[in-house]
Amino acid sequence: MTRTLTPSPSRRGLRAISLATLTAVVLAGGVAATTAQAAGSTLQAAAAESGRYFGTAIAAGRLNDSVYTTIANREFNMITAENEMKIDATEPNQNQFNYTNGDRIVSWARSNGKQVRGHTLAWHSQQPGWMQNMSGSALRNAMLNHVTQVATHYRGQIHSWDVVNEAFQDGSSGARRDSNLQRTGNDWIEAAFRAARAADPNAKLCYNDYNTDDWSHAKTQAVYNLVRDFKARGVPIDCVGLQSHFNAQSPVPSNYQTTISSFAALGVDVQITELDIEGSGTAQADNYRRVVQACLAVSRCTGISVWGVRDTDSWRASGTPLLFDGSGNKKAAYTSTLNALNGGGTGNPDPGTGCTVTVSRANEWSDRFNVSLAVSGSSTWRVSIQTQGGQTLQNSWNATVSGTSGTLTATPNGSGNNFGITLYKNGNNNNPTATCTVP
Ligand code: G3I
């Protein structure tokens with residue numbers, strides 16, 4: 001089984017690389033990646049130019065609709081079953097497994113050359129009646145058996161599993177969500193991950209949740225701490241799924257890229273797993289562009305899936321949150337998504353002559369650390385530095401730096417192209433990320 005997608009075999013669409021189209025993205029850890037504008041004519045082709053996938057949720061009941069399958073086949077190369085692999089669908093009676101609809105989706109995906117995300121093995125919701133009524137060690141064992149059986153059935157066919165879904169509370173508590181699974185003991189999540197790893201060692205194992213897109217939210221921090229703890233203790237986890245269901249009450253946060261880069265800095269992939277953004281026209285198109293650009297700016301953000309094909313297929317149909325209208329026409333949001341996928345990391349339309357910035361860690365003290373930044377490619381530049389949650393600027397040298405937290409902006413002050421900053425950690429010891437543009 002292939003765990004990562006290779007870029008599309010044909011790069012004929014790659015336009016001539018000129019300095020004018022070069023932008024540079026520098027990621028935590030100081031790895032510089034330079035992207036050139038490329039021209040993919042579908043979402044999957046455009047995403048593949050940077051080695052990423054572009055996916056959608058599919059409902060088995062719509063596989064007979066040829067408008068639906070034509071769009072899905074043309075545009076997407078990663079498929080998630082919207083409901084068909086959930087616990088109530090796959091184990092309707094205890095120890096009686098039903099894979100009919102899940103298999104239909106996997107078979108459609110694989111026969112069309114697509115990969116599959118598995119959704120989801122352990123969740124407080126959409127439990128069959130028999131499981132809802134269980135508790136304690138009987139429930140723990142039933143949950144682990146479910147994880148083992150379903151992951152074994154699909155072994156070798158799943159790119160990534162949402163092993164555990166939505167285990168944290170909304171709001172400011174940062175606590176686990178109360179559920180029958182949580183009441184079996186706080187270690188139920190890691191137990192599920194260990195069972196999934198044993199059943200399908202080649203699938204990437206993800207923790208998936210919503211309202212975890214804003215870096216300042218307690219729920220985001222709680223998931224971050226879970227992942228950090230798992231990585232520290234060797235609990236198998238490979239990825240974090242940001243569902244990314246956005247609307248007026250829950251807009252695309254300004255610090256979305258910080259959330260993605262912060263998770264990535266823990267050593268896991270980030271996948272945007274259920275993207276939909278309510279709205280219409282230019283505003284919606286702009287929000288999709290922002291999401292794509294945030295993902296493309298982080299090398300470990302490896303793919304984006306939208307939660308349905310046409311607006312009318314959506315769980316939030318009245319909010320028209322998807323990329324195709326009910327007739328299957330491409331919306332403005334489709335075009336902005338495609339353009340952003342084709343435009344590389346920053347999406348700046350024409351940055352003039354390009355520049356690159358590398359970030360490297362320097363001196364460190366208990367409460368702060370230094371970061372050295374080196375710009376190449378131009379003597380005029382603007383560097384955007386994204387600090388990680390909580391960090392604040394203490395000092396800077398050899399550049400004019402504005403801002404104190406969140407996004408800092410650096411411009412030349414006559415001292416050349418190498419400059420530095422000191423950041424107070426305030427509890428966060430991760431490196432900032434930086435991007436360079438020529439104003
Ligand atoms: O299939 C039955 C149909 O036979 C019946 O006539 C109809 C009328 O009630 O219901 C149909 O089942 C519905 C199913 O969607 C298929 O449309 C269920 O009632 C309904 O609860 C179910 O909703 C799904 C929801 O998860 C359940 O939690 C949505 O389709 C699905 O998009 C949504 O997906 C979730 C992710 O799994 C996790 N993240 C959030 C996301 C959105 O809520």
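The values are calculated or read from the model by the stated rules, or taken from the named source; none is laboratory data. Given the structure is predicted, the values throughout are model-derived calculations rather than measurements. When we count neighbours, we look across all protein chains shown, and the Cβ atoms used for this are built from the backbone with ideal geometry, even at glycine. Surface accessibility is based on the protein's heavy atoms, side chains included, excluding ligands, DNA and RNA. Shrake-Rupley method; radii C 1.70, N 1.55, O 1.52, S 1.80 Å.
To keep it simple, each residue is scored yes or no on (1) surrounded by fewer than 22 Cβ atoms within 10 Å (Cβ to Cβ); (2) at positive phi; (3) within 10 Å of the chain's Cα centre (by Cα); (4) of a type in the set (Val, Ile, Thr).
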{"residue": "ASP229", "(1), (2), (3), (4)": "yes, no, no, no"}
{"residue": "VAL252", "(1), (2), (3), (4)": "yes, no, no, yes"}
{"residue": "THR259", "(1), (2), (3), (4)": "no, no, yes, yes"}
{"residue": "ASP276", "(1), (2), (3), (4)": "no, no, no, no"}
{"residue": "VAL292", "(1), (2), (3), (4)": "no, no, yes, yes"}
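For the range 393-409: of the residues being in a loop (DSSP other than H, G, I, E, B) and without any contact (Cβ under 8 Å) to a residue 60 or more places away in the chain, which is least open to solvent (accessible area, probe 1.4 Å)? This residue is ALA399. Number of residues in the range 306-315 that are within 13 Å of the ligand (Cβ to nearest atom) and either without any contact (Cβ under 8 Å) to a residue 60 or more places away in the chain or farther than 24 Å from ASN255 by Cβ (or both): the value is 6. Could we say that GLY234 is without any contact (Cβ under 8 Å) to a residue 12 or more places away in the chain, away from the ligand (no atom under 16 Å from the Cβ), surrounded by fewer than 22 Cβ atoms within 10 Å (Cβ to Cβ) and on the phi > 0 side of the Ramachandran plot here? So GLY234 fits the description; yes. In this structure, is GLY303 open to solvent by less than 10 Å² (accessible area, probe 1.4 Å), touching a strand residue (DSSP E or B) at 6+ places or on another chain (Cβ under 7 Å) and either within 16 Å of the ligand (Cβ to nearest atom) or aromatic (Phe, Trp, Tyr) (or both)? In short, no.
The set of residues in the range 55-90 being β-branched (Val, Ile, Thr), part of a helix (DSSP H, G or I) and more than 16 Å from LEU338 (Cα to Cα) consists of VAL67, THR69, THR70, ILE87, THR90.
Looking at ASP209, is it modelled with pLDDT of 95 or more, under 26 Å from GLY267 (Cβ atoms) and either within 16 Å of the ligand (Cβ to nearest atom) or surrounded by 16 or more Cβ atoms within 10 Å (Cβ to Cβ) (or both)? Taking the combined requirement at face value, the residue satisfies it. Taking the criterion of being surrounded by fewer than 16 Cβ atoms within 10 Å (Cβ to Cβ) and either without any contact (Cβ under 8 Å) to a residue 24 or more places away in the chain or away from the ligand (no atom under 13 Å from the Cβ) (or both), the residues of the range 74-96 that qualify are ARG74, ASN93, GLN94, ASN95, GLN96. For the structure I just gave you, tell me whether GLY102 is out of contact with any strand residue (DSSP E or B) (no Cβ under 9 Å at 6 or more places or on another chain) and without any contact (Cβ under 8 Å) to a residue 60 or more places away in the chain. No: the conditions fail for GLY102. With respect to being at pLDDT 95 or above and touching a helix residue (DSSP H, G or I) at 6+ places or on another chain (Cβ under 6 Å), GLY303 falls outside the description. A count restricted to the range 123-139 and to residues that are more than 16 Å from the ligand (Cβ to nearest atom) and part of a helix (DSSP H, G or I) stands at 5. In the range 150-180, the residue that is most open to solvent (accessible area, probe 1.4 Å) out of those that are in contact with a Leu (Cβ under 7 Å, 6 or more places away or on another chain) and either free of Cβ contacts under 8 Å to residues at least 12 places away in the same chain or outside any strand (DSSP E or B) (or both) is ASN180.
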